[in-house]
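K.L.:
Encoded as structure tokens, here's the structure I'll be asking about.
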Amino acid sequence: MSARILVVDDEEIVIKSCLRILDGNGYQIEVAHDGHEALRKIEDNLCDIMILDIMMPNLGGLEVLRRVKESHPDIDVIMITGLSQIDTAVQAMKLGAFDYLPKPFEPDELKLVLQRALERRRLLQENLNLKSEVSSKYRFENIIGSSPPMQAVYRLVAQCAPTNSTVLLTGESGTGKELIARAIHYNSLRSDKPFIPVDCTSLSENLLESELFGHVKGAFTGAVGNKKGMFEVADSGSLFLDEIGNFSISIQAKLLRVLQEREFRAVGDTRTQTANFRLITATNRDLKAMVVAGTFRDDLYYRIHIFPIHVPALRQRKEDIPALAYHFLKAFSAELGKKVTDISEGAMSALMNYTWPGNVRELENVMQRAAILTTDNVIRHAHLVNIVDPSRRPDDFAVPRTGDELKRVKKAAREKSVEEIEKQFILEALKRNEWNVTKSAEDAGMQRPNFQALMKKYMIRVRDTEREADDI
């Protein structure tokens, strides 16, 4: 849609000059010869930008600007002023004018300031659209899960979101605690302010302190400039501390002081800053047991345990698995440029019968890999073999005790993953070509002997494979 511009001036020569300069740029232009006419036209048909003369009879430009900004603050106003009215132009800027042009002005000057105003409007609109998109994403109706355990979570979120209470989210890794934290923020009174997540597991104690509190130049070796901390960045918004159970006792004490005093100091700074944020924390650990063990301060525990919400594991809400699986499938199909729309009964049964130690995050990864492996529009059980296998035990690999053992286990796991992809590659090629080895090799872009070598490696025989496919 083209920009709507209203030119307001009591001098016909100025209006004609503006029309001539702006003609041919695709703008929708209207004119008004005095302030009263301009205000009427705005009420009848809103504009995006107003070009307004400061000196006009009856109702001056400053008064028109003041009224426009009161009733329609999103309209950008460019003031036109004489050289002797610069002080008045400065006053106009204080009242909210976007910019001003002194008379006489060059055509390019008007075009340039108009382009800047339109670019600013475009960026503001993009920002508003993005905020609206993010906010809608975290509305309750857009969070997937209709099971009773998740309904209980939604009720608690709805109760605490409009408040400023500190929230503690508990639950296993991969259950979606950050998603719930964002839902709390975007359904709160702070929704138009920043949501700042901090991963407490990825930073050392010194780096975490600098990340939270910020630092000033020269505070420590490597502090080459001032850096805002997350306490400051989250001002008026929400601060999400993920895996707070990993805080050292020292950091716990400093966080407790911030929560008690509602103020903090950047590392190396002497100035005190006010802390104004809503705190949401999350952990997959038993903080109460840590308090008993002396690894988590009891006074901090009671500070953050004001409104606890437990996010259930995926195995505790299995009725949500189909909806989640189809949601991820739709997302990854679009990402891959495929049209994978269905999940076979055998595949869905495997998904439903698996225990999901990695929870929703693991399901997301499984669906991504399955979407990559499938060659038609259906996810089948074969695409989930060795990914989701009810017979697979968690102790298939013994937990390593040394670095060398860890390397060996990781190497074995990688080899196992590669082998499964190769096996599925051969099986899918055979299925596509009605189990004809020659056609399958050609379709896969391989020499027949190489294709047969892979079949032999994984003990794939055409007759046996046909029977297995009938059973899927």
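K.L.:
Using the basic label-point model (7 angstrom from Cα toward the beta carbon), what is the T163 to E263 distance in nanometres?
P.N.:
2.7
K.L.:
If I stretch the segment between L207 and S146 completely, what's the gain in nm (0.36 nm per residue apart, minus their alpha carbon distance), one decimal? Kindly include the intermediate steps, with their values, before the conclusion.
P.N.:
Working: separation 61, 0.36 × 61 = 21.96 nm, distance 4.00 nm.
Full extension from L207 to S146 adds 18.0 nm.
K.L.:
If you fit an axis through the alpha-carbon atoms of helix 462-471 and take the longest principal axis of the Cα set of the chain, what angle between them do you get, 0 to 90°, nearest 10?
P.N.:
It is inclined by approximately 60 degrees.
K.L.:
I've got another one for you. Need the list of lysines near K103 for cross-linking: C-alpha distance under 29 angstrom, and skip anything on the same chain fewer than eight residues off.
P.N.:
Candidates past the 8-residue exclusion: K16, K41, K69, K94, K111.
K.L.:
Under 13 Å from the Cα of K217, which aspartates and glutamates turn up, not counting those fewer than eight places away in the same chain?
P.N.:
D269
K.L.:
Between (1) 57, 36, 21; (2) 38, 29, 19; (3) 32, 27, 24, which matches semi-axes √(5λ) of the Cα gyration tensor in Å calculated for the structure shown?
P.N.:
(1)
K.L.:
Give the accessible area for I343 in Å² (nearest 10); use a 1.4 Å probe, count only protein heavy atoms, and leave out ligands, DNA and RNA.
P.N.:
The accessible area of I343 comes to roughly 20 Å².
K.L.:
Just the number, please: carbon plus sulfur as a percent of the accessible area of the chain, 1.4 Å probe, no ligands or DNA/RNA counted.
P.N.:
Answer for the chain is 50 percent, counting heavy atoms of protein chains only.
K.L.:
A further question follows. State the extension gain, in nm to one decimal, for the chain segment bounded by K318 and D108, taking 0.36 nm per residue of separation less the distance between their alpha-carbons.
P.N.:
Values: separation 210, 0.36 × 210 = 75.60 nm, distance 6.47 nm.
Extending this stretch completely gives an extra 69.1 nm.
K.L.:
Which pairs break 20 Å Cα to Cα here: K177/K228; K177/K338; K177/K330; K227/K254; K339/K439; K338/K456?
P.N.:
On the way: K177/K228 26 Å; K177/K338 30 Å; K177/K330 22 Å; K227/K254 18 Å; K339/K439 25 Å; K338/K456 31 Å.
Pairs exceeding 20 Å: K177/K228; K177/K338; K177/K330; K339/K439; K338/K456.
K.L.:
Shifting gears a bit: Once you mark the trypsin sites (Lys or Arg not before Pro) that are in a DSSP loop and have at most 13 other Cβ atoms within 10 Å, what is the longest gap between them in the chain?
P.N.:
1-138
K.L.:
To continue, here is another question. Magnitude of the Cβ-charge dipole of the stretch 216-369, K/R +1 and D/E -1, about the Cα centre, nearest 20 debye? Please report the intermediate quantities before stating the final value.
P.N.:
Details: 21 positive and 17 negative charges, 76 e Å.
The calculated dipole for the stretch 216-369 is roughly 360 debye.
K.L.:
Work out the charge dipole of the stretch 205-359 with +1 on the Cβ of Lys and Arg and -1 on the Cβ of Asp and Glu about the Cα centre, then indicate which of Y354, F277, G337 is farthest towards its positive end.
P.N.:
Farthest towards the positive end: F277.
K.L.:
Tell me which residues come under 5 Å, amide H to amide H, from E263 once H is placed; ignore anything under 5 positions away on its chain.
P.N.:
Sorted by chain and number, the residues that satisfy this are A275.
K.L.:
For the stretch 133-242, report the accessible area per residue in Å² (1.4 Å probe, heavy atoms, rounded to an integer).
P.N.:
Details: 5080 Å² over 110 residues.
The answer is 46 Å² per residue.
K.L.:
Could I ask something else about it? Only Lys, Arg, Asp and Glu count, each charged at its Cβ (+1, +1, -1, -1), so figure out the dipole size of the chain about its Cα centre, rounded to 20 debye. Present the calculation step by step, with values, prior to reporting the outcome.
P.N.:
On the way: 64 positive and 68 negative charges, 371 e Å.
For this selection, approximately 1780 debye.
The values are calculated or read from the model by the stated rules, or taken from the named source; none is laboratory data. Computed from a predicted structure; not experimentally measured. Using ideal geometry, Cβ is built from the backbone for each residue, glycine included, and neighbour counts are taken over all protein chains shown. Surface areas here come from the heavy atoms of the whole protein model, side chains and all, with no ligands, DNA or RNA. Shrake-Rupley method; radii C 1.70, N 1.55, O 1.52, S 1.80 Å.
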